[in-house]
Amino acid sequence: MGFLKRIRLSQRFALLITLGIGASSIVLVLYGETILENAMMEQTKKQAVAYLLTLEEEFQRENIPDRAAVQRLVDHARSHLHEVYDFSIFQMYAVAPDGSYLAHSEPDATRRPKDMSGYLGGVLRTRHPYLGGELEWKKVAGVGKEIPAFDIVIPLHHRGTPIGLLEVEIDVNKTLATIRTLVERFEREVVMVWAAVFSLMLAFLLWIVQRGLIRPIGELARVTRRIASGELGARAHLRGEHELGQLGASINHLAESIEHLLTEQERAYIQSMQALAKALEAKDAYTATHSARVSRYSVLLGRRIGLPEQELTLLKQGALMHDLGKIGIPDAILNKPGPLDDREYEVMKQHPEATYTIMRPLTRFKVFAEIARWHHERWDGNGYPDGLKGVAIPLLARIVAIADTWDAMTGDRVYRKAMTVEKALSILDRERGSGQWDTALLDSFIAMIRDQEETREEIEEDMFAGEQG
Ligand SMILES: [Fe+2]
């Protein structure tokens, strides 16, 4: 049965249906053949009875019912049997009520009287013909062959008085040959019709099984796999009160429960991170305001390059928390009023991995962890902590990297004043090919800042003109 386990469900059904239809067809054909055989044999027996009754009528016309008369009847029947019948006479005789022979188609043989206690006695008593039991194979004397035969017995009367029985053993070889021919034709035709009907039934049943069972099971399997891989919004779309519909509803319910639980867990986690952000703000006010501005610039750049709203929301939150790991950096380094030395810089460089470690449990928001870990990577692969290169750095992390640099230049620091937008832009222009940033993104960012500046100048000019007027 190991073979059955390896084959697909649809093939299993095809096999089962084929076996089922095949077996029932064989039973039907055999049953049909038996009915055909029995009907033909009954027909032959009735012909024999009808024939015997015509003989009896002839006998009724005889004046004196003696043995010679009966023998004449038997001999006449033997010699004049018409060819239209489906049988021939093997033996024919008349017996008296005591079992002695009145006449015999083979008169020379010496015979013991017939036993009248069985069916022969019954025919004599009830005056009803006996149409034979099972088919018998009778030996033909002197020839050594056997012939298929039936016994047919009718009561023999003379002028209303029962005087004995007329018994004939009919040879049904001709009927058997006819049956064989008919059965062969029947089987041939049945096979042809069956092949056509079977193909249609198989196609129809497989279509039903495929539509009602295999396809829904496949859909449930796909939905379950998607849910298992974290796509908790996936749902089964099976309708109906049947078992598969109920299973689909259960899977949907399960996914909803998991989603609800996870949402609760994430909400709690994000709350604890917001608490962490507050703690960082208390420890390092600059990082808090800087993160808010980086978040704003990131969203502006993201919108400019056409990111969808959903991704912009993630970008906004991710950028807000991108430096959260700085909570672990000593105050002396974090708030140092001047450039860091090499050792301090090494400590400072640990913050992306620290932030990543904090964000990692948010499995459904893995972009937060990605932004945190890779916002100090460089396009040319010379950044940290992993030295990722080019498009291997996730897009949102590349966006945050530009926004981060921009705010570092244009925001006030403890140890230096902010530089002007113009100066910062000229530095970006100059460093455009340095390999630090994704140049296509940087170009969009520079164009965006320029647009903003023009708008701002126009507004200022308008206000100035208004004051003069
Ligand atoms: Fe950073």
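Values quoted throughout were computed directly from the atomic coordinates according to the rules given, and no laboratory measurement underlies them. As the structure is a computational prediction, the values presented were derived from the model and not from experiment. Virtual Cβ from ideal backbone geometry, glycine too; neighbours counted across all protein chains shown.
Details
- The lysine pair count for the stretch 284-468, using Cα distances under 16 Å and pairs eight or more places apart or on different chains, is 5.
- Between Leu262 and Glu311, the FRET efficiency estimated from the beta carbon spacing at R0 = 22 angstrom works out to 0.65.
- In the stretch 2-186, lysine pairs with alpha-carbon atoms under 20 angstrom apart (chain gap of 8 or more, or interchain): 8
- Distance from the stretch 288-304 to the stretch 362-435 (C-alpha centre basis), Å: 12 Å
- Sorting Thr410, Thr405 from the fewest to the most surrounding beta carbons within 10 angstrom yields Thr410, Thr405.
- With the charge dipole of the stretch 2-186 set up from +1 on Lys and Arg Cβ and -1 on Asp and Glu Cβ about the Cα centre, the Cα lying farthest toward the positive end among the listed residues Ala103, Thr181, Ala77 is that of Thr181.
- This model, with +1 at the C-beta of Lys and Arg and -1 at the C-beta of Asp and Glu, gives the chain a dipole about its Cα centre of some 1060 debye.
- Across the options Val27, Pro155, Phe87, the greatest Cα extent toward the positive end of the charge dipole of the stretch 2-186 (unit charges at beta carbon of Lys, Arg, Asp, Glu) belongs to Val27.
- Checking every one of the GluC sites (Glu not before Pro) in the stretch 170-271 against DSSP loop status and a limit of 15 other Cβ atoms within 10 Å picks out Glu231, Glu241.
- Linear extension gain, Lys278 paired with Ser199, 0.36 nm per residue minus alpha-carbon span: 21.0 nm
- Fewest-first ranking of Leu280, Leu30, using other Cβ atoms within 10 Å as the exposure measure: Leu30, Leu280
- Of the residues Leu213, Thr263, Leu312, the one whose Cα sits farthest toward the positive end of the charge dipole of the chain, with +1 on the Cβ of Lys and Arg and -1 on the Cβ of Asp and Glu, is Leu213.
- Here the stretch 2-186 is assigned +1 on the Cβ of each Lys and Arg and -1 on the Cβ of each Asp and Glu. Its dipole about the Cα centre then comes out at about 1060 debye.
- Between the C-alpha center of the stretch 130-200 and that of the stretch 1-62 there is a gap of 15 Å.
- Counting only Cβ charges, +1 for Lys and Arg and -1 for Asp and Glu, the dipole size of the stretch 284-468 around its Cα centre is about 800 debye.
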